[in-house]
Amino acid sequence: MTAHPVQPGFSTTQIPSGVPSAKKMRMENGSGSIYPAPRYHTGMDPDEIKYVSPKDLKSEEGAEEILDSEAMQPYMNLVLAMMQQRDTGPATAEIAALPVEKRYVWRVASALQWAFADMDSLPVEVDRQTLSQEDRRRLLEMVRHRPLQFCLFLSTLFGQKAMEVLMLSAIKTSRDVTSA
């Protein structure tokens, strides 16, 4: 399930319909200063965006188990504080106190490391040549949004420019390797 970007220390205000809006996110420090929230452009006209009730959201297989896990509890506390427009300081402090190995970003990076630890294009090529059209379609559905999600992950963690450099370098290297 992908919702609005969650960043420690941010709280949300509500748009008139009561749906949290990333555009209305703000972060306040002790002096009352307001920092702009990260902006994610969907490529859609705002008038075309359909807001859906949370009960109607569909999540990926396994997402509910992850959200219910002990490791996600500090982040869920932050989301709850944001949704209830409460002070996010305690939830942010709870996350800040976690060692990096217990954080959300570590789980994502570790999953990627595990997934690609033995990456070899030969088995992929053999599978590509021997998969049925239906299985290829199913695999495409599984990975369809992963490049975007990975770019959002990198951009949020390291910044837009660093994400672009990493992704363009990877694309160039991939082209060089496959054309050799």
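In the stretch 51-72, the qualifying residues are those that are assigned to a helix (DSSP H, G or I) and over 17 Å from the mean Cα position of the chain (by Cα), and the one that is modelled with the lowest pLDDT is 54. Just one of (1) in contact (Cβ under 8 Å) with a residue 12 or more places away in the chain; (2) exposed (fewer than 11 other Cβ atoms within 10 Å of the Cβ) fails for residue 92. It is (2). Within the stretch 120-140, being modelled with pLDDT of 95 or more and loosely packed, with under 10 Cβ neighbours inside 10 Å holds for 129, 130, 132, 133, 134, 140. Screening the candidates 148, 168 for the property of being loosely packed, with under 11 Cβ neighbours inside 10 Å, under 22 Å from residue 79 (Cβ atoms) and not assigned by TED's automatic domain parsing to the domain that holds residue 73 yields one hit, 148.
Hey, among 111, 81, which residue is over 18 Å from the mean Cα position of the chain (by Cα) and small (Gly, Ala, Ser)? Write out each step before concluding.
Details: 111 fails: over 18 Å from the mean Cα position of the chain (by Cα).
Step by step, each of 111, 81 is checked, and only 81 is over 18 Å from the mean Cα position of the chain (by Cα) and small (Gly, Ala, Ser).
Taking residue 115, is it within 17 Å of residue 153 (Cα to Cα) and either free of Cβ contacts under 8 Å to residues at least 60 places away in the same chain or surrounded by 14 or more Cβ atoms within 10 Å (Cβ to Cβ) (or both)? Considered against the rule, which asks whether it is within 17 Å of residue 153 (Cα to Cα) and either free of Cβ contacts under 8 Å to residues at least 60 places away in the same chain or surrounded by 14 or more Cβ atoms within 10 Å (Cβ to Cβ) (or both), residue 115 comes out as yes.
The values are calculated or read from the model by the stated rules, or taken from the named source; none is laboratory data. Note that the coordinates shown come from a computational prediction; the quantities given were computed from them, not determined experimentally. For neighbour counting, all protein chains shown are included, and Cβ atoms are generated from backbone atoms with ideal geometry for every residue, glycine included.
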